[in-house]
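Beneath this line is the structure, given in structure tokens, with notes to follow.
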Amino acid sequence: MAPLEPWEKVLVDHETFSQTDHGELTCIQCHGGTNIADKDQAHADMIASPSSQPDVYCAECHEAEVAAYPNSLHNTQAGYWTAINTRNGNIPEDHPELNQMFNNHCATCHTTCGECHVSQPENVGGGLFTGHVFEKTPPMTRSCTACHGSRVGNEFLGKNEGITGDVHFREARMSCVKCHEGADLHGTADAALASDHRLSGAEDPKCIDCHAEVASGTDGIDMHAQHGDGEELSCQVCHSVTYTSCDGCHVAVSETSGNPFFETEATYTTFFIGRNPIQSEDRPYKYVPVRHVPVATTSYEYYGENLLTNFDALPTWVYATPHNIQRFTPQNASCESCHGNAEIFLTADKVQAVELSANQNVIVNTIPGPVDLYLAAMPQPADHTNLLTDSCISCHTEGIRNAPIFPETHIEFSNDSCSGCHKLP
Amino acid sequence: MNKRFLTGTVIVLGLLLSGCSTKADALAEAEAATDTAVVEPSPTSVPEAGECLACHTDKQRLIDTAKPEEEGGEAESKGVG
């Protein structure tokens with residue numbers, strides 16, 4: 001997004017603004033300062049961003065939103081701290097260095113009410129959207145993708161060379177808020193329910209909120225009948241395409257300017273299916289697309305040694321929801337696109353040696369075999385319903401209780417993959 | 001004695017009723033005054049901002065008075081953020 005000229009950032013369209021509710025207030029009521037022609041005197045004690053104090057300037061009219069704001073991820077940036085603290089090992093002695101790092105490099109993504117509803121975020125240079133007119137729905141490219149641009153924005157809008165934009169944008173002209181509604185973005189007033197990460201809690205939005213026929217198996221599509229139960233695959237496994245990954249982000253403060261800066265070692269596009277590292281009742285999928293995040297063991301070394309001593313506690317290939325959904329993709333073109341095709345899976349050979357341990361619960365060790373194998377697989381007996389899915393080899397290795405011993409061709413399969421072929425009736 | 005008692009009682013009651021009447025009138029007057037104060041906006045309660053708008057609606061004046069912007073905090077960054 002091209003930065004605005006300095007004058008452009010603060011030019012007020014008074015004719016339009018004065019017709020709006022916010023236009024009934026005078027400048028000084030929100031921004032302070034003095035009504036005087038001299039610029040410096042006028043701007044003395046001026047409040048550039050009144051909504052950085054939402055309880056003072058916004059709550060009188062927007063009580064519910066202001067009550068939720070303290071718990072909103074746009075305010076707390078809790079997702080950053082969840083990852084930083086986990087990889088650090090929550091060592092209290094490291095917090096001064098980590099706080100300094102966070103404030104220099106991460107806190108710039110903090111968002112106020114005004115940075116979504118009246119101006120571009122400070123992080124991208126700021127500047128009024130439309131002459132100070134407040135927008136109930138933030139303009140997508142000047143607000144949402146101004147920050148969420150390098151991955152989500154580029155994918156959604158089709159800005160990655162040779163990769164088509166998301167069908168929801170390309171065909172239906174949907175903007176971010178069509179799925180990510182205001183209530184989701186504003187968060188909750190109940191601190192106990194506040195998210196500590198964008199993927200915590202229920203999956204919202206969920207594809208089947210609109211595409212219910214997929215989950216019910218009534219759309220007549222064979223692959224949905226096989227995989228659309230929402231247990232094995234996330235929708236993006238079949239319906240997203242190549243997306244961006246990054247490696248080796250390092251942060252520091254410039255010796256010449258004194259400004260903080262970052263440097264990433266590599267940015268590239270991939271499409272890899274991995275095991276779901278955050279499998280839960282809310283996100284039960286066994287397989288999901290995984291994206292490499294640019295963290296490295298030395299990412300924060302400018303601020304101190306060994307700040308990521310617990311690096312292996314989180315994967316570097318993470319659960320991804322690429323925003324470039326297509327109806328037809330290379331992987332849903334045929335069964336063989338995935339079955340027996342190791343290229344499409346995050347296997348150990350695709351992971352850097354130093355990150356193998358961190359990604360143990362993401363790496364796919366056993367590639368799903370040919371479809372014929374699945375179709376020929378004997379279903380489990382009905383009385384297996386109450387057995388634990390990961391306990392198959394307990395009986396089927398030794399033939400306990402007359403259980404058929406699994407053949408030698410199965411020797412490389414992992415214990416938790418049996419039910420992938422041998423379905424319950 | 002009865003006559004004196006009756007006269008005294010009448011005087012006391014008269015004074016009491018007179019007092020109540022005065023208090024009720026005063027309350028009514030106060031409420032009326034308060035109502036009037038709430039309804040009528042103070043002419044000096046909203047700060048004027050004519051000078052703010054004179055500048056911030058004038059593109060050329062903003063161009064003329066703009067200070068050069070400092071380099072962004074992460075202008076020396078390399079790669080995708």
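Go through A:318-325, A:367-374 and give me the packing order, highest mean Cβ count within 10 Å leading.
Values: A:318-325: 22.6, A:367-374: 15.1.
Listed from highest to lowest mean packing, they are A:318-325, A:367-374.
Provide the FRET efficiency to the nearest 0.05 for the residue A:34-residue B:63 pair, computing r from the beta carbons and using R0 = 22 Å. Working shown, then result.
On the way: r = 23 Å, r/R0 = 1.02.
The pair residue A:34/residue B:63 has a calculated efficiency of 0.45.
If Rh is defined by the Kirkwood formula over all Cα pairs and Rg also comes from Cα, what ratio Rg/Rh do you get for chain A? Write down the numbers at each step before the final one.
Details: Rg = 25.6 Å, Rh = 24.8 Å.
Radius of gyration relative to Kirkwood radius: 1.03.
Using only the alpha-carbon atoms, how far is helix A:78-88 inclined from the longest principal axis of chain A? Give it as 0 to 90 degrees, nearest 10.
Around 60 degrees separate the two axes.
May I have the convex hull volume per residue, in Å³, for the Cα set of region A:210-336?
Here the figure is 140 Å³ per residue.
Given the rule -39500 (n - 2.57) for each run of at least 4 DSSP H residues, summed and divided by the residues of the protein assembly as shown, what is its mean residue ellipticity at 222 nm, to the nearest 500 deg cm²/dmol?
Details: 23 runs with 155 residues, N = 506.
Helices in the protein assembly as shown give a 222 nm mean residue ellipticity of -7500 deg cm²/dmol.
Can you run the Rg to Rh ratio on region A:122-231? Use alpha carbon positions and the Kirkwood inverse-distance Rh. Walk me through the numbers on the way to the answer.
On the way: Rg = 17.3 Å, Rh = 16.8 Å.
When Rh is taken as the Kirkwood radius, the ratio is 1.03.
Given 10 °C and 1.306 mPa s, how large is the Stokes-Einstein diffusion coefficient of region A:1-143 in µm²/s, with Rh as the Kirkwood radius over Cα pairs? Present the calculation step by step, with values, prior to reporting the outcome.
Values: Rh = 17.2 Å.
Answer from the Stokes-Einstein relation: 92 µm²/s.
Within the set of other residues whose C-beta is less than 13 Å from the C-beta of residue A:270, count the net charge using Lys and Arg as +1 and Asp and Glu as -1. Don't skip to the answer; put the middle values down first.
Values: positive: A:151, A:291, A:350; negative: A:155, A:247, A:343.
Net local charge, residue A:270 excluded: 0.
Using every pair of alpha-carbon atoms in region A:298-425, split the distances into 10 Å bins beginning at 0 and state the percent of pairs per bin, rounded to integers.
Once binned at 10 Å, the Cα pair distances of region A:298-425 give 10, 29, 29, 21, 9, 3, 0.
Using label points projected 7 Å from each Cα along Cα→Cβ, tell me how many nm separate residue A:367 and residue A:208, to one decimal.
The answer from the label model is 3.0 nm.
Net charge within 14 Å of residue A:369 by Cβ-Cβ distance, Lys/Arg positive one each and Asp/Glu negative one each, not counting residue A:369 itself?
Values: positive: none; negative: A:336, A:372, A:412.
Result for the local shell: -3.
What's the longest piece of chain A with no exposed GluC sites (Glu not before Pro), counting a site as exposed if DSSP puts it in a loop and it has at most 13 other beta carbons within 10 Å? Working shown, then result.
Working: sites that count: A:60, A:161, A:171, A:181, A:231, A:255, A:281, A:305, A:398, A:412.
Longest gap between qualifying sites, sites excluded: A:61-160.
What's the average, rounded to a whole number, of partner chain beta-carbon atoms within 10 Å of each residue's beta-carbon in A:20-27?
Numbers: counts 0, 0, 0, 0, 1, 3, 7, 8.
Whole-number average of other-chain Cβ neighbours for A:20-27 is 2.
Hey, got the average number of other protein chain Cβ atoms within 10 angstrom for residues in B:53-59?
Details: counts 7, 3, 6, 10, 8, 3, 4.
Taking all residues of B:53-59 together, the mean is 6.
Per the Kirkwood treatment, what hydrodynamic radius in Å, one decimal, follows for region A:78-168 from the mean inverse distance over all distinct Cα pairs? Don't skip to the answer; put the middle values down first.
On the way: mean 1/r = 0.0654 Å⁻¹.
Kirkwood hydrodynamic radius for region A:78-168: 15.3 Å.
Multiply the residue separation of residue A:394 and residue A:95 by 0.36 nm, subtract the distance between their alpha-carbon atoms, and state the gained length in nm to one decimal.
Numbers: separation 299, 0.36 × 299 = 107.64 nm, distance 4.61 nm.
Computed gain between residue A:394 and residue A:95 is 103.0 nm.
Take the Cβ-Cβ distance between residue A:5 and residue A:130 as r, set R0 to 22 Å, and report the resulting FRET efficiency rounded to the nearest 0.05. Numbers along the way, then the final one.
Working: r = 15 Å, r/R0 = 0.70.
Calculated transfer efficiency: 0.90.
Please give the residues of region A:389-425, grouped as numeric ranges, whose backbone N is less than 15 Å from a label point set 7 Å along the Cα-to-Cβ vector of residue A:229.
A:389-390, A:417-425
Under 5 Å between amide H atoms, partner at least 5 residues away or on a different chain: which partners does residue A:245 have, H built in plane at 1.01 Å?
A:268, A:269, A:270
What is the sum of charges around residue A:28, taking Lys and Arg as +1, Asp and Glu as -1, for the other residues whose C-beta is under 14 Å from the C-beta of residue A:28?
Numbers: positive: none; negative: A:24, A:45, B:48, B:51.
Net of charged neighbours comes to -4.
With 22 Å as the limit, write out which pairs from A:159/A:286; A:136/A:206; A:178/A:206 have Cα-Cα distances beyond it, or answer none.
Working: A:159/A:286 30 Å; A:136/A:206 24 Å; A:178/A:206 12 Å.
With Cα atoms farther than 22 Å apart: A:159/A:286; A:136/A:206.
Determine the order of A:335, B:52 by accessible area, beginning with the largest, at a probe radius of 1.4 Å.
Numbers: A:335 60, B:52 30 Å².
Result of the area sort, largest leading: A:335, B:52.
The values are calculated or read from the model by the stated rules, or taken from the named source; none is laboratory data. A quick note: this is a predicted structure, and the numbers were derived from the prediction, not measured. Cβ atoms come from the backbone with ideal geometry, glycine included; neighbour counts cover every protein chain shown. Please note that ligands, DNA and RNA were not included when accessible areas were found on the heavy atoms of the full protein model with its side chains. Shrake-Rupley method; radii C 1.70, N 1.55, O 1.52, S 1.80 Å.
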